[in-house]
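A short write-up of the structure that comes next.
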Amino acid sequence: MPLTSNEIVQNTLEFARKKDESDPLRKFRDQFYFPLSNGNLVRYFTGNSLGLQPRSTQEYVLNELEDWASWGVEGHFHSRMPWFQYQDFLTDQIAKLLGAKPEEVVSMNSLTTNLHLLLVSFYRPTKTRYKIICEYDAFPSDLYALQSQANVHGLDPEETVIYLKPRDAEHCLRTEDIVSTIQENADSLATVMLGAVNYYTGQFFEMKKIVDAAHKAGATCGFNLAHAAGNVRMNLHDWNVDYACFCSYKYLNAGPGGVSGIFVHERHGNDTSIPRFAGWWGNDPETRFKMPRKFVPAKGARGWQQSNAPVLSMAALKASLDIFEKAGFDELLSKSRSLTAYLEFIIQEINSNTMKNGTDVPIRIITPENPEHRGCQLSLIMNKNGRDIYKLLTDQGVIVDWREPDVIRVAPVPLYNSFEDVFQFGKLMESAIRSTGT
Ligand SMILES: *Cc1c(COP(=O)(O)O)cnc(C)c1O
């Protein structure tokens with residue numbers, strides 16, 4: 001269903017509705033709750049921040065509450081989906097979304113916590129090899145995690161963490177620059193840790209090339225998949241990624257603070273020489289309840305678990321994973337491309353309709369143009385009056401996201417956004433630009 005070359009794309013309600021009618025995934029929209037604004041459903045473009053609630057989630061969570069009521073502690077073994085192994089009910093679906101093997105993933109904890117736990121294992125600084133490379137505009141929690149890891153090891157974060165900056169007048173990172181920074185630090189580099197999709201620009205990094213460069217330099221390579229999981233196609237296993245963590249409340253719609261998860265490559269999964277912060281849930285399930293005094297890790301990523309499964313949160317994630325499976329990830333990605341291409345087209349239309357002096361356009365897209373290098377999100381720099389425009393959009397029920405000093409992020413999500421959503425966004429954006437005299 002991509003916006004094909006023989007199709008005349010139009011900035012009209014009629015065109016958008018026609019696209020929606022021929023969208024094989026259109027029925028999924030009705031499986032989500034949309035908030036209301038002035039009595040109307042909002043146009044929701046912040047699935048990159050907090051995905052909408054599937055209508056089925058309540059039932060999944062209620063089932064666990066019922067089983068808890070019926071079984072008490074015995075629910076660990078006798079509930080419909082025994083809590084003892086609850087995390088294992090999710091691994092196949094998570095593995096498929098991430099391009100991993102089931103034993104390479106497990107859902108547990110929350111995101112920043114997981115990043116720390118992975119760094120404990122995969123950031124092992126020595127006197128000579130201690131540096132970390134990350135994005136300059138990484139999500140703040142990632143910056144804090146990396147800087148404080150340096151502190152924990154008695155290192156100075158200023159000298160330890162190397163920040164990748166875009167070239168002058170550019171907003172995204174060039175792969176060649178990432179690779180050359182890795183090469184320049186090859187002798188002292190311990191790990192490379194990037195967001196797979198940068199939260200701010202929406203850039204989807206060329207992960208395999210980065211992993212290869214990091215390994216060539218003798219460093220490990222990991223990713224925070226917060227903005228990538230459920231949004232872009234990855235092959236973590238084949239790309240030889242060492243470690244990764246993801247969250248479930250953005251594109252995976254598992255609700256506020258939803259359970260996170262990790263990926264540990266098979267090469268490391270059973271390597272007991274890798275140190276870790278162990279807990280009983282990571283112990284071999286055969287002996288977990290026998291309470292041995294000595295930790296024997298479970299195979300693969302599961303051996304990094306610490307605490308018993310947060311079942312209510314995992315039930316919400318399971319509800320969403322079942323929807324992803326029904327929709328099909330290939331179909332979702334194909335719709336995602338069309339939807340974001342349509343958004344890009346609509347923004348170009350707005351620019352040409354409101355341009356001043358022949359060149360002065362109100363919106364600049366900083367997300368890469370190449371669909372291979374982005375997911376569904378487009379990040380827009382507002383030339384002028386960004387805050388007022390953002391406020392006007394919000395007042396009219398268009399939910400987008402504002403980042404100081406001048407960026408609006410818009411994420412049309414293929415599971416529940418429509419072409420009509422994108423069209424209406426454009427109409428309201430254009431009128432906001434005109435009414436603020438931008
Ligand atoms: C959303 C996000 C976080 C948030 O971390 P939590 O621990 O879930 O609060 C961290 N890092 C990145 C890259 C994110 O996108």
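The values are calculated or read from the model by the stated rules, or taken from the named source; none is laboratory data. Predicted, not measured: the structure shown is a model, and the values here were computed from it. A quick note on method: Cβ atoms are made from the backbone with ideal geometry, for glycine too, and the neighbour counts reach across all protein chains shown.
This table checks each residue for (1) within 14 Å of the chain's Cα centre (by Cα); (2) free of Cβ contacts under 8 Å to residues at least 12 places away in the same chain; (3) within 26 Å of Gln53 (Cβ to Cβ); (4) more than 15 Å from the ligand (Cβ to nearest atom).
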| position | (1), (2), (3), (4) |
| --- | --- |
| Arg233 | yes, no, yes, yes |
| Asp238 | no, no, no, yes |
| Asp242 | no, no, no, yes |
| Cys247 | yes, no, yes, no |
| Leu252 | yes, no, yes, no |
| Ser260 | yes, no, yes, no |
| Gly269 | no, no, no, yes |
| Ser273 | no, yes, no, yes |
| Arg276 | no, no, no, yes |
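The set of residues from segment 19-28 being in contact with a Phe, Trp or Tyr (Cβ under 8 Å, 6 or more places away or on another chain) and either free of Cβ contacts under 8 Å to residues at least 40 places away in the same chain or surrounded by fewer than 19 Cβ atoms within 10 Å (Cβ to Cβ) (or both) comprises just one member, Asp20. Going through (1) farther than 20 Å from Ser320 by Cβ; (2) at pLDDT 95 or above; (3) of a type in the set (Gly, Ala, Ser) one by one, Gly47 falls short only on (1).
Considering the conditions (1) in a loop (DSSP other than H, G, I, E, B); (2) under 17 Å from Ile132 (Cβ atoms); (3) not polar (S, T, N, Q), Gly222 is excluded by exactly one of them, (1). Filtered by the rule that a residue be crowded, with 18+ Cβ neighbours inside 10 Å and in a helix (DSSP H, G or I), segment 94-103 gives Ile94, Ala95, Leu97, Leu98, Glu103. When the criteria are applied in full, Lys299 meets the requirement of being touching a residue at least 60 places away in the same chain (Cβ under 8 Å) and away from the ligand (no atom under 16 Å from the Cβ). At least 2 residues being touching a residue at least 24 places away in the same chain (Cβ under 8 Å) is the threshold, and among the strands (runs of 3 or more DSSP E) wholly inside segment 361-404 those reaching it are 378-382, 401-403.
Conditions (1) at pLDDT below 95; (2) charged (D, E, K, R); (3) not in a helix (DSSP H, G or I), marked per residue:
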position	(1), (2), (3)
Thr4	yes, no, yes
Glu7	yes, yes, yes
Asn11	no, no, yes
Phe15	no, no, no
Phe28	no, no, no
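Take segment 30-48 and flag every residue that is assigned to a loop (DSSP other than H, G, I, E, B) and buried (at least 17 other Cβ atoms within 10 Å of the Cβ). Give the steps one after another, and end with the answer.
Going through segment 30-48, the residues assigned to a loop (DSSP other than H, G, I, E, B) turn out to be 34-35, 38-39, 42, 45, 47-48.
Passing the criteria: Phe34, Val42, Phe45, Gly47, Asn48.
Okay, residues lined up against (1) modelled with pLDDT of 95 or more; (2) within 30 Å of Glu331 (Cβ to Cβ):
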position: Gln348; (1), (2): yes, yes
position: Glu372; (1), (2): yes, yes
position: Leu393; (1), (2): yes, yes
position: Trp402; (1), (2): yes, no
position: Gly437; (1), (2): no, no
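Applying the criterion of being in contact (Cβ under 8 Å) with a residue 12 or more places away in the chain and touching a His at 6+ places or on another chain (Cβ under 9 Å) to the residues of segment 87-103, the residue that is farthest from the ligand (Cβ to nearest atom) is Lys101.
A Cβ distance below 7 Å, combined with a sequence gap of six or more or placement on separate chains, defines the contacts here; from segment 197-211, residues that are in contact (Cβ under 8 Å) with a residue 12 or more places away in the chain reach residues that are assigned to a helix (DSSP H, G or I) in the pairs Gln203/His373; Phe204/His373; Glu206/Thr175; Lys209/Thr175; Lys209/Val179; Ile210/Ile178. When Phe84, Phe77 are checked against the criterion of being loosely packed, with under 13 Cβ neighbours inside 10 Å, in a helix (DSSP H, G or I), in contact with a Phe, Trp or Tyr (Cβ under 7 Å, 6 or more places away or on another chain) and assigned by TED's automatic domain parsing to the domain that holds Trp281, a single residue qualifies: Phe77. Within segment 36-46, one or more residues are outside the structural domain of Asn253 (by TED's automatic domain parsing), of a type outside the set (Phe, Trp, Tyr) and within 16 Å of the ligand (Cβ to nearest atom).
Here is the figure for segment 245-273: residues that are assigned to a loop (DSSP other than H, G, I, E, B) and within 20 Å of Asn224 (Cα to Cα) total 15. Residues that are within 16 Å of the ligand (Cβ to nearest atom), more than 11 Å from the chain's Cα centre (by Cα) and aliphatic (A, V, I, L, M) do occur in segment 208-226. Against the test of being buried (at least 17 other Cβ atoms within 10 Å of the Cβ), out of contact with any strand residue (DSSP E or B) (no Cβ under 7 Å at 6 or more places or on another chain) and of a type in the set (S, T, N, Q), the options Asn109, Asn114 yield a single qualifying residue, Asn109.
Of the residues Glu266, Glu206, the single one that is surrounded by fewer than 23 Cβ atoms within 10 Å (Cβ to Cβ) and under 18 Å from Leu119 (Cα atoms) is Glu266. Summed over segment 182-198, the residues that are out of contact with any helix residue (DSSP H, G or I) (no Cβ under 9 Å at 6 or more places or on another chain) and under 12 Å from Glu135 (Cβ atoms) give a count of 2.
Name every residue in segment 298-312 that is over 16 Å from Val105 (Cβ atoms) and outside any loop (DSSP other than H, G, I, E, B), in order of residue number. The answer is Val311, Leu312.
Selection of segment 241-255 for residues being among the acidic types (Asp, Glu) and either surrounded by fewer than 24 Cβ atoms within 10 Å (Cβ to Cβ) or within 12 Å of Leu317 (Cα to Cα) (or both) yields an empty set.
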